[in-house]
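> Please find one structure pasted underneath; my questions will follow.
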Amino acid sequence: MAIIIDQNTNVIVQGATGNQGRFHMRQMLAYGTKIVGGISPGKGGLEVDGVKIYDTVFAAMEDHRVDASCLFIPAPLAKDAAFEAIEAGVKVLVIITEHIPLHDEMEIIRLARLKGATVIGPNTFGVVSSGKCKIGIPPNQFFVPGPVGVVARSGTLTYEIVGNLTVGGIGQSTVVGLGGDRVVGLSFVDVLQRFEKDQETKAVVLVGEIGGNQEEEASLFIKKMTKPVVAYIAGKSAPPGKRMGHAGAIIERGRGTFEGKVTALKEAGAAVATLPFEVPALIKDRMGL
Amino acid sequence: MKLYEYMGKNLLSSYGISVPRGKMAATPGDASSAASEIGSEVVIKSQILSGKRGKGGGILFASTPEEAGVAAARILGGSIQGLTVESVLVEEKINIEREFYLAVTVDGSAKKPVIIASSSGGMDIEEVPDEEIIKYHIDVFLGLQPYAAREITRRLGLTGPLAREMQNMLPLLYRIFREKDAELVEINPLVISGDRLIAADAKVTIDDDGLFRQQGLPRVEERTEAEQKAHALGLSYVQLEGNIAVMANGAGITMGTLDIIQHYGGSPSNFLDAGGGTGMEATAKALEILLSTNPKVILINIFGGITRCDDVANALIKVKNEREIPVPVVIRLVGTNEEIGVKILQENGFEAYKMMHEAAAKAVELAGQQ
């Protein structure tokens, strides 16, 4: 068990022959991900690192069952590629691309909802069911199997926290990056619901940041959860109105403040770490380890 | 990218939404002749990228061209909320019977466009009670259909010719939002003047990621010089007030680094997200940007996934060999090629930390000693 993806997930890589796509496809293969094809219009028939390249998603699906797609497509073309995968019937899209126009993101997510597809991202590091399947760009060595589910808005901070967990002897069931943009496919609540149902997951780490009201909405769900939750929120020191790197990290008009999120999470019963390296100790404490 | 009020109004007007007659002026003389051209009482509005201009003395009224010149002289060159006023918009003063609020933006949690409307306009929408605000979500595949415009108009309580005005205006507003890759198109106040609806203000924000296909729109630069330099290198940089310069790789970890500095009583001078996979050249240039802001200490926090630790170490040595680094540099370096990177640093007299909080504590201590 794990959530969203597992050892049986068949994956295609859209944009497999580009720099990023090629590098990360090799890393995913090294992690053990079952990649059944790469998509690169005009390059059908080639083979890259042992993976057959197809011109279109539809072509790959004539040869294989495809469960998920990982998109390394330049921002201006990302909407078209995502539409193609959804229309072809792929049910999980992991969109790594950053800087996709907001309006395109709304359309991608609208189509995904119509067709019953799950979108992770855009602007995500991806999703890893540790030891089973990695779709995305995180460094392989830090992700080992275990009982803790991790859901986060930003990438490197998650590596930091997952790295700390792994060093502390705590593996992960699934690690999900929601994506840093204002409009993304999944919310904290969507993922928490899946973790609550997942038998392998015994506790959850939530890595949030200032801006928006996702953490506040998550708090309402955490109240009802049977599994312990440990949270860390980045951006305590960020001044209002300044964009900190990606659209997620901005405080607008007093909403989405650090204090508001921490209070909501604590009231819901979550433990909140002041600094990232405190997360493993809090998890051990909450799990009774 | 935020647009100035006059740019926003030009945009509204080009789609057929009524705005007051007005003209831009950069000198008191220009303002005076603009007022005489308009030929009525006027309002002089400072053009800065911030709200709350009225409270800051950035909006003045004048009944004659002479008064308009005097008013413009008072505003021009002055500073409102830290922003220098370089131009004013001189507009006809309109007769205000009622003020509405009207906007279209993106609701991140619904993942849809949303029309926000209220008959309590003229103030910060955050201060209007929830029950007086209409939120109408739009299906991005359907767009704003006539029935939706009729329903929003009904909820606003408008009837007669004003209702027709509103029903005509809503689809225009939504078209601007969609066609211009806008994050926000806000009219506050939307003024009832006789049987007309007039946009007395305009706040338009364009999605930076959509700018590549918005060649027709003007460009507004709001960033500092250091922020622009970083942007050109593909780095994300924000100027802050403190004295510890920070570089890390990734927005979340960079914010986390700032938080830890503050936790130990220090004060960061910037946010610099060097991103993932930044090569040696860009890293060296990022360091140059940090040095140009004259910090007391530089703190580098790298958790290398795609980013290689040896690249970061080599970048630091490159900069050190090319120029004097007059301030202490504290480095936390772990991840891909960590051993090689740490060895390079040690050979060149730098100490590398393994934990980010240890490095942050050291940086704060050094900043306190300087």
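Each reported figure results from applying straightforward, stated rules to the coordinates on display, with no laboratory input. Computed from a predicted model, the values in this text were never measured in an experiment. Neighbour counts are summed over all protein chains in view; Cβ atoms, including those assigned to glycine, are modelled from backbone coordinates with ideal geometry.
> List, in order, the whole-Hz ³J(HN,Hα) value for each residue of region A:88-104 obtained from phi through the Karplus relation with A = 6.51, B = -1.76, C = 1.60 and θ = phi - 60°; use x for Gly and Pro.
Values, residue by residue: 6, x, 6, 9, 10, 10, 10, 9, 7, 3, 9, 6, 6, x, 3, 5, 5 Hz.
> Note the full-extension length gain between B:Asp208 and B:Thr105 as 0.36 nm times their separation in residues minus their Cα-Cα distance, in nm to one decimal. Let's see the in-between values first.
Working: separation 103, 0.36 × 103 = 37.08 nm, distance 1.47 nm.
The B:Asp208-B:Thr105 span can extend by a further 35.6 nm.
> Could you tell me which trypsin sites (Lys or Arg not before Pro) in region A:143-225 are loop residues by DSSP with no more than 14 other beta carbons within 10 angstrom of their beta carbon?
Working: sites: A:Arg153, A:Arg182, A:Arg194, A:Lys197, A:Lys202, A:Lys223, A:Lys224; in loops: A:Arg153, A:Arg182, A:Lys202, A:Lys223, A:Lys224.
In loop regions of region A:143-225 (DSSP not H, G, I, E or B), the sparsely surrounded trypsin sites (Lys or Arg not before Pro) are A:Lys223, A:Lys224.
> Also, I was wondering about something else. With unit charges on the beta carbon (Lys/Arg positive, Asp/Glu negative), name the residue among B:Leu89, B:Thr105, B:Tyr147 whose Cα is farthest towards the positive pole of the charge dipole of region B:84-156.
B:Tyr147
> Right, next: Once the piece of chain linking B:His263 and B:Arg155 is laid out straight, how much longer is it, given 0.36 nm per residue of separation minus the C-alpha distance between them? All intermediate terms of the calculation are to be shown ahead of the outcome.
On the way: separation 108, 0.36 × 108 = 38.88 nm, distance 4.85 nm.
Computed gain between B:His263 and B:Arg155 is 34.0 nm.
> Oh, and also: Given axes a ≥ b ≥ c from the Cα gyration tensor, I'd like to know whether region B:164-210 is rounded (a/c under 1.5), prolate (a/b larger than b/c) or oblate.
Oblate shape, in that a/c is at least 1.5 and b/c is the bigger or equal ratio.
> Calculate the spin-label point distance for B:Ser193 paired with B:Asn168, positioning each point 7 Å from the Cα along the beta-carbon direction, and give it in nanometres.
1.6 nm
> Continuing with the same structure: With point charges of +1 on the Cβ of Lys and Arg and -1 on the Cβ of Asp and Glu, referenced to the Cα centre of chain A, which listed residue (A:Gly288, A:Val183, A:Tyr159) lies farthest in the positive direction of the dipole?
Of A:Gly288, A:Val183, A:Tyr159, it is A:Gly288.
> A follow-up question, please. Given labels modelled 7 Å from the Cα in the Cβ direction, how far is it in nm from A:Asn19 to B:Glu351?
3.7 nm
> Limiting things to C-alpha atoms, what are the Rg and the maximum Cα-Cα separation (Dmax) for region A:100-212, in angstroms?
13.9, 42
> Name the residues whose placed amide hydrogens come within less than 5 Å of the amide hydrogen of B:Lys2, ignoring near sequence neighbours (fewer than 5 apart) on the same chain.
Amide H neighbours of B:Lys2: B:Ile206.
> What distance in nm separates the simple spin-label points at B:Thr27 and B:Glu339, each placed 7 Å from Cα in the Cβ direction?
A separation of 7.1 nm, rounded to one decimal place.
> Where in region A:26-43 does the label zone of A:Glu87 land, with the point 7 angstrom along Cα→C-beta and an amide N cut-off under 19 Å?
Inside the label zone: A:39-43.
> Residue by residue through region B:207-218, which ³J(HN,Hα) values in whole Hz follow from phi under the Karplus form 6.51 cos²θ - 1.76 cosθ + 1.60 (θ = phi - 60°), with glycine and proline marked x?
With the stated coefficients, region B:207-218 comes to 5, 4, 6, x, 4, 4, 10, 10, 5, x, 8, x Hz.
> Can you give the FRET efficiency for B:Gln239 and B:Arg175, using 1/(1 + (r/R0)^6), R0 = 35 Å, r = Cβ-Cβ distance, to the nearest 0.05? Could you put the intermediate results ahead of the total?
On the way: r = 36 Å, r/R0 = 1.04.
Between B:Gln239 and B:Arg175 the formula returns 0.45.
> Say R0 is 22 Å: what FRET efficiency, to the nearest 0.05, do A:Arg26 and A:Leu77 get from their beta-carbon distance? Present the calculation step by step, with values, prior to reporting the outcome.
Values: r = 22 Å, r/R0 = 1.02.
Efficiency at R0 = 22 Å is approximately 0.50.
> By how many nm would the segment from B:Asp124 to B:Gln215 grow when fully extended, if each residue of separation counts as 0.36 nm and the alpha-carbon distance is taken off? Working shown, then result.
Details: separation 91, 0.36 × 91 = 32.76 nm, distance 3.15 nm.
Using 0.36 nm per residue and subtracting the Cα-Cα distance, I get 29.6 nm.
> Which of A:Pro101, A:Pro239, A:Pro276 ends up with the largest GNM mean-square fluctuation for chain A, with Cα atoms connected below 10 Å?
Result for chain A, Cα springs under 10 Å: A:Pro239 fluctuates most.
> Can you work out ³J(HN,Hα) from phi for every residue in region A:116-125, in order, using Karplus 6.51 cos²θ - 1.76 cosθ + 1.60 and θ = phi - 60°, giving whole Hz and x for Gly and Pro?
x, 9, 9, 10, 9, x, x, 6, 10, 7
> Counting only DSSP beta bridges with both residues in chain B, tell me the antiparallel percent, nearest 5. Each step should come with its number before you reach the end.
Values: 47 of 63 bridges.
The antiparallel fraction comes to roughly 75 percent.
> FRET efficiency for A:Lys223 and B:Lys318, Cβ-Cβ distance as r, R0 = 56 Å, nearest 0.05? Provide the component values of the computation, followed by the final result.
Details: r = 52 Å, r/R0 = 0.94.
Here the calculated transfer efficiency is 0.60.
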